[in-house]
1. Might you check whether a residue that is out of contact with any strand residue (DSSP E or B) (no Cβ under 7 Å at 6 or more places or on another chain) and at pLDDT 95 or above occurs anywhere in the range 105-113?
2. Out of the range 273-329, which residues are open to solvent by 30 Å² or more (accessible area, probe 1.4 Å) and either in contact with a His (Cβ under 6 Å, 6 or more places away or on another chain) or of a type in the set (F, W, Y) (or both)?
3. Could you check the range 90-110 and list, in sequence order, the residues that are open to solvent by 10 Å² or more (accessible area, probe 1.4 Å) and of a type outside the set (A, V, I, L, M, F, W, C)?
4. Any idea which residue in the range 330-357 is least open to solvent (accessible area, probe 1.4 Å), counting only those that are in a loop (DSSP other than H, G, I, E, B) and touching a Pro at 6+ places or on another chain (Cβ under 9 Å)?
5. For the subset of the range 271-310 comprising residues that are without any contact (Cβ under 8 Å) to a residue 24 or more places away in the chain and outside any loop (DSSP other than H, G, I, E, B), which member is farthest from G242 (Cα to Cα)?
6. I'd like to know if the range 167-175 contains one or more residues that are under 14 Å from G51 (Cα atoms), modelled with pLDDT of 95 or more and not charged (D, E, K, R).
7. Within the range 19-73, take every residue that is among the hydroxyl-bearing types (S, T, Y) and not in a strand (DSSP E or B) and give me the one that is most open to solvent (accessible area, probe 1.4 Å).
8. Just for the range 214-260: of the residues that are in a helix (DSSP H, G or I), open to solvent by 10 Å² or more (accessible area, probe 1.4 Å) and of a type in the set (A, V, I, L, M, F, W, C), which one is nearest to V100 (Cα to Cα)?
Amino acid sequence: MSTASETLRRTPLYERHAGAGARLVPFAGWEMPVQYEGIRQEHVNVRTHAGLFDVSHMGEIETTGPDAERFLQRLLSNDVTKIAVKGAQYSVLCNQRGGVLDDLFTYKLADDRFLTVTNAANHEKDLAWFEEHAAMFPGVTVIDAAPNYAMLALQGPEAREVLASVLEGEEPARFKTVGAKVAGVDCLVAGTGYTGEDGVELLIPPEGATQVWDALTSEGAKPAGLGARDTLRLEVCFHLYGNDLSEDRNPIEAGLGWCCKRDTDFIGADRLPDPGTTAQKLVPFAFTGPGVPRQGNAVHTESGEGVVTSGTMSPCLGYGIGMAYVPAESAEPGTAIEVDVRGKRRPAETRQRPLYKKEGT
């Protein structure tokens, strides 16, 4: 590694990744595995069996106190009062202009205790935002909980079978959490994930991460890197902050109006456009001929120009797919567009979400 990379942080599982021959790359200040045997193989394994991701680079913020719910209702775009104890909820964090600071999952651990998972590159920014606004809520305590957790994502149709073999206690339903022992380690087990497959995410004391990793891999879960994580989420059109979301885009044009409850008066709500009034919309698309789209590619439509935010070759579909901001007039599924790939216009069309859907679902 270069001198610059020597300052990169490492998860508790770094030695496991290196020992497995993973290709390690800098990502959001961390040295992370992008692939092991290959992105396509890891992707297909998650779709057909069970894959295990180290996502310990993600951040966590704990919010406690009698005003914790009221405080989070002011910061987060969704209706926090609708989260049941042991429930989970997706939301975005907006600035005063309505731009997206981050997209988040929040777990309600008790009536007065919440845990919010942040994207790795945004953790320090998010934490500062939480701390700044907590000053106006005397009954709230905000702490950086990231040092308290390693995090694994066990995903795939066989994920729960693998989990059951090392689980002491109940497993969580979708969008629910439980406290349970996994391979003898006390964990918070959440029925959430970022692949479009069933599975769980495990929040683990850092000192127990290798024990849980070894147990799950010995039961058949195969390691998967960030490369497969990206292609998996793109097939099902899950947003990636820094690509599809940013402070320069609002959640309405990004297609996230469903998690924006304006009547909660969250920060930035008053600056959001009404649905159907945005000049551009984020849409999934697929190539109808050869080529692979990439972030930043220009998009040409009959009603104006757009830009690709995420793009890849779909391992399951076998053709180029992506997401792009396009003029609202060209957002209807089935609209013909062209994507400029290295100076050559490639034919494509907008599609419905998700781009990949299993038979029978």
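1. Scanning the range 105-113, I find at least one residue that is out of contact with any strand residue (DSSP E or B) (no Cβ under 7 Å at 6 or more places or on another chain) and at pLDDT 95 or above, so the answer is yes.
2. Across the range 273-329, the qualifying residue is only Y319.
3. Of everything in the range 90-110, those that are open to solvent by 10 Å² or more (accessible area, probe 1.4 Å) and of a type outside the set (A, V, I, L, M, F, W, C) turn out to be Y90, Q96, R97, D103, K108.
4. Taking the candidates together, the pick is L355.
5. Of everything passing the filter in the range 271-310, E305 is farthest from G242 (Cα to Cα).
6. No.
7. Checking each candidate, the answer is T48.
8. The residue in question is W258.
The values are calculated or read from the model by the stated rules, or taken from the named source; none is laboratory data. Please read these numbers as outputs of a predicted model, since none were measured by experiment. Glycine also receives a Cβ, built like all others from the backbone with ideal geometry; neighbour counts cover every protein chain displayed. Keep in mind that these areas ignore ligands, DNA and RNA; they rest on the heavy atoms of the full protein, side chains included. Shrake-Rupley method; radii C 1.70, N 1.55, O 1.52, S 1.80 Å.
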